[in-house]
Amino acid sequence: MIKIKEIHKSFGENQVLKGIDLEVKKGEVVVLLGPSGSGKTTFLRCLNFLETADQGKIVIENQLTDIATATKKEILQIQRSTAMVFQNYALFTNKTALENIAMPLVLTQGKSKNEARTIAKRLLKKVGLEDRADHYPVQLSGGQQQRIGIARALALNPAVILFDEPTSALDPELVSQTLALIQSLAKEGITMILVTHEMQFAHDVADQVVFMEHGHIVESGTPQELFYTPKEERTKIFLSRFT
Ligand code: ADP
């Protein structure tokens, strides 16, 4: 359903992505693991055009886009198909929980305000925050803010949700709630690519685990394969700390 081919990205002399290929089936959960600095976040950001890769191709919803020559229209289409959930939630601080979810629907999908509010209310309920609709981010806990971030992504009904370390800014007691929500979305068949350092969660939720290092995919496979029978020495060393 999603095919990503040969993504390259450098920041100046620093070659951060050195040809990343990935296929994600509909309903699949792909977890990206790897040491800090291996390029995981940059890869997600390139998929969403928050960064523009130097080279690569993306097929999403049967549409092939060559990144190097992508038109504005193609970029917008990919951005609509890929919603991002950020480490630091990235909510608008001067908007309520409901507005944070509804506003992007009006701005990027041309929904009417009423329609957007109805969708936002449904999603607030889904993430268990219907009683927080009129709260501002500062009045919400980190875990609640992240659930708003997830509701905002879901509202856009994208082909895939990209999660960039969604729990790494949360206090430990809030992590498990957020992971449980992501796990319930996985069970519903929402396609997702997740960067996380939560190994037990990665093991439990992933259909496909991808181990990245130095801008390369070292190895990928099922959680069973990567965690218990890794082929590559680097994967073994990285994951041995968790198994
Ligand atoms: P990871 O998510 O695996 O920790 P990142 O994708 O965040 O890795 O970073 C990979 C490398 O890219 C790092 O060396 C980082 O310093 C560099 N990098 C990331 N974003 C930028 C940027 N906007 N400008 C310059 N260098 C960047």
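The values are calculated or read from the model by the stated rules, or taken from the named source; none is laboratory data. Values in this document were obtained by computation on a predicted structure and should not be read as measured data. Counting neighbours? That spans all protein chains shown, and the Cβs are built from the backbone with ideal geometry, glycine included.
Run residue 133 past the list (1) surrounded by 19 or more Cβ atoms within 10 Å (Cβ to Cβ); (2) without any contact (Cβ under 8 Å) to a residue 40 or more places away in the chain; (3) not polar (S, T, N, Q) and report the number of the one that doesn't hold.
For residue 133, the exception is condition (1).
Criterion first (free of Cβ contacts under 8 Å to residues at least 40 places away in the same chain, polar (S, T, N, Q) and farther than 29 Å from residue 11 by Cα) does residue 114 satisfy it?
yes
May I ask you to list the residues in the range 39-98 that are of a type in the set (Asp, Glu) and away from the ligand (no atom under 15 Å from the Cβ)?
61, 66, 74
Among the residues of the range 1-21, write down those that are surrounded by fewer than 17 Cβ atoms within 10 Å (Cβ to Cβ) and more than 16 Å from the ligand (Cβ to nearest atom).
Residues satisfying the conditions are 1, 3, 6, 21.
Pairs needed: first member in the range 1-20, within 20 Å of residue 61 (Cβ to Cβ); second member anywhere, at pLDDT below 95 and not small (Gly, Ala, Ser); C-beta distance under 9 Å; at least 6 residues apart or different chains.
Within 9 Å, the pairs are 1/61; 1/62; 2/61.
Quick test for you: out of 169, 206, 202, 180, pick the one residue that is among the aliphatic types (A, V, I, L, M), away from the ligand (no atom under 16 Å from the Cβ) and either surrounded by 19 or more Cβ atoms within 10 Å (Cβ to Cβ) or touching a residue at least 24 places away in the same chain (Cβ under 8 Å) (or both).
206
Given the criteria exposed (fewer than 15 other Cβ atoms within 10 Å of the Cβ) and modelled with pLDDT under 95, does residue 118 qualify?
Working: exposed (fewer than 15 other Cβ atoms within 10 Å of the Cβ): yes; modelled with pLDDT under 95: no.
So residue 118 does not fit the description; no.
Scan 159, 186 and give me the residue that is more than 19 Å from residue 119 (Cα to Cα) and either free of Cβ contacts under 8 Å to residues at least 60 places away in the same chain or of a type in the set (A, V, I, L, M) (or both).
Details: 159 fails: more than 19 Å from residue 119 (Cα to Cα).
Only one candidate passes the filter, namely 186.
With (1) touching a His at 6+ places or on another chain (Cβ under 9 Å); (2) buried (at least 18 other Cβ atoms within 10 Å of the Cβ) as the list, and residue 127 as the residue in question, which single condition is left unmet?
The number of the failed condition is (1).
Against the condition among the hydrophobic types (A, V, I, L, M, F, W, C), in contact with a Leu (Cβ under 9 Å, 6 or more places away or on another chain) and surrounded by 13 or more Cβ atoms within 10 Å (Cβ to Cβ), how does residue 47 come out, does it pass?
Answer is yes for this residue.
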